[in-house]
1. Kindly indicate the residue of region 199-215 that is without any contact (Cβ under 8 Å) to a residue 40 or more places away in the chain and farther than 20 Å from K268 by Cα and also least open to solvent (accessible area, probe 1.4 Å) among those meeting that condition.
2. So is K220 over 20 Å from I182 (Cβ atoms), of a type in the set (K, R) and out of contact with any Ser or Thr (no Cβ under 8 Å at 6 or more places or on another chain) or not?
3. For region 232-264, how many residues are assigned to a loop (DSSP other than H, G, I, E, B) and among the acidic types (D, E)?
4. Working only within region 231-250, note down all residues that are out of contact with any helix residue (DSSP H, G or I) (no Cβ under 8 Å at 6 or more places or on another chain), modelled with pLDDT of 90 or more and over 17 Å from A147 (Cβ atoms).
5. Looking only at residues in region 24-55 that are under 23 Å from Y81 (Cα atoms) and polar (S, T, N, Q), which one is modelled with the lowest pLDDT?
6. Does E196 meet the test of being in contact with a helix residue (DSSP H, G or I) (Cβ under 7 Å, 6 or more places away or on another chain), among the charged types (D, E, K, R), open to solvent by 50 Å² or more (accessible area, probe 1.4 Å) and more than 27 Å from K156 (Cβ to Cβ)?
7. Could you check region 193-231 and list, in sequence order, the residues that are outside any loop (DSSP other than H, G, I, E, B), more than 18 Å from K247 (Cβ to Cβ) and either charged (D, E, K, R) or touching a Leu at 6+ places or on another chain (Cβ under 8 Å) (or both)?
8. Exactly one of (1) buried (at least 21 other Cβ atoms within 10 Å of the Cβ); (2) within 32 Å of the chain's Cα centre (by Cα) is unmet by T69. Its number?
Amino acid sequence: MLEQIVAERSPRTLLLVDDETNILSALKRLLRQDKYDIVTANNGQEALEALKSGPVDVIVTDQRMPGMTGVEFLRLAKESYPDTVRIVLSGYTELQSVTDAVNEGAVYKFLTKPWDDGQLRGHVAEAFRRKEMADENLRLQQQLQMANLALEETNKELDKLLKVQEERIETDEVSLRIIHEILEHLPTPILGMDDEKNIVFVNAAAQSLFGETMLLLGMKMEGAAPALEPAWDLSSAEVDINSRVYKVLTHPMGRNSRSRGKLMTLIKLTDD
């Protein structure tokens with residue numbers, strides 16, 4: 001079972017690290033106006049403990065600190081919390097060590113001291129956008145995995161039903177009746193349309209989804225199931241039906257038979 005899809009977190013969390021209290025206060029005062037949830041630490045060890053206390057999106061740390069430099073701290077942070085976006089504040093004298101850390105991937109960006117307030121706010125905002133894009137990509141990947149698993153389970157159920165019936169299949173007519181029965185009882189909504197978008201097949205799951213108060217068979221798609229219109233010309237599309245998101249797989253009929261039209265299979269992507 002997949003882990004729950006990544007959800008958006010609010011507010012966005014920013015960790016500030018500097019051994020000088022006045023600089024920490026200045027950074028916090030500057031960035032508080034952008035509505036971040038700000039956590040502070042006075043050295044690398046305190047910052048590592050802060051990371052254990054709750055999720056952090058972006059880290060901004062000073063480079064020159066006693067005991068552990070900013071780059072050393074960010075290397076450790078990357079190992080345990082690779083999804084954080086890491087920024088270091090550095091003087092030009094530490095440029096080489098910071099550049100090496102950037103090349104290693106431990107640091108996303110370095111900013112020089114003294115900083116420009118507007119530029120610093122802009123870089124931090126860009127770092128949060130980068131983090132949110134990464135979170136969204138992960139959410140979409142997990143959603144795609146869920147859709148693939150749902151399709152795989154549907155295929156397994158179909159295989160089981162076909163194996164139970166295969167010894168009884170002797171003629172094309174018997175085969176058609178058995179397949180029709182299988183599709184009718186699948187938990188996945190399936191609809192068949194002719195070339196004029198008339199509904200010529202609807203299984204029980206699709207009838208329940210679209211037509212609790214009306215019989216769908218024989219109706220036009222635009223009247224009975226208008227949400228499917230955007231998926232007609234696409235092999236795969238996502239649509240919203242009754243406040244739930246479905247992946248619609250559209251398969252043209254007629255390659256291996258004299259049938260004409262399209263078969264539309266709906267796989268639910270969102271939980272009830």
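1. Per the stated criteria, the residue is I199.
2. Details: over 20 Å from I182 (Cβ atoms): yes; of a type in the set (K, R): yes; out of contact with any Ser or Thr (no Cβ under 8 Å at 6 or more places or on another chain): yes.
Judged against the criteria, K220 is a match.
3. Residues of region 232-264 that are assigned to a loop (DSSP other than H, G, I, E, B), as a first pass: 232-235, 242-243, 254-260.
Restricting the remaining residues to those that are among the acidic types (D, E) gives 233.
Residues that pass the stated criteria total 1.
4. If the condition is that a residue be out of contact with any helix residue (DSSP H, G or I) (no Cβ under 8 Å at 6 or more places or on another chain), modelled with pLDDT of 90 or more and over 17 Å from A147 (Cβ atoms), then D233 is the only one that fits.
5. S53
6. Numbers: in contact with a helix residue (DSSP H, G or I) (Cβ under 7 Å, 6 or more places away or on another chain): no; among the charged types (D, E, K, R): yes; open to solvent by 50 Å² or more (accessible area, probe 1.4 Å): yes; more than 27 Å from K156 (Cβ to Cβ): yes.
Here the answer is no, as E196 does not meet what is asked.
7. Those that are outside any loop (DSSP other than H, G, I, E, B), more than 18 Å from K247 (Cβ to Cβ) and either charged (D, E, K, R) or touching a Leu at 6+ places or on another chain (Cβ under 8 Å) (or both): I199, V200, F201, V202, Q207, K220, E222, A224.
8. Against the list (1) buried (at least 21 other Cβ atoms within 10 Å of the Cβ); (2) within 32 Å of the chain's Cα centre (by Cα), T69 comes up short only on (2).
The values are calculated or read from the model by the stated rules, or taken from the named source; none is laboratory data. From a predicted model like this one, the values you see are computed outputs, not experimental measurements. Because the Cβ atoms are built from the backbone with ideal geometry, glycine has one as well, and the counts that use them run over all protein chains shown. Ligands, DNA and RNA are stripped out before the accessible areas are found, and what is left, the full protein with its side chains, is counted by its heavy atoms. Shrake-Rupley method; radii C 1.70, N 1.55, O 1.52, S 1.80 Å.
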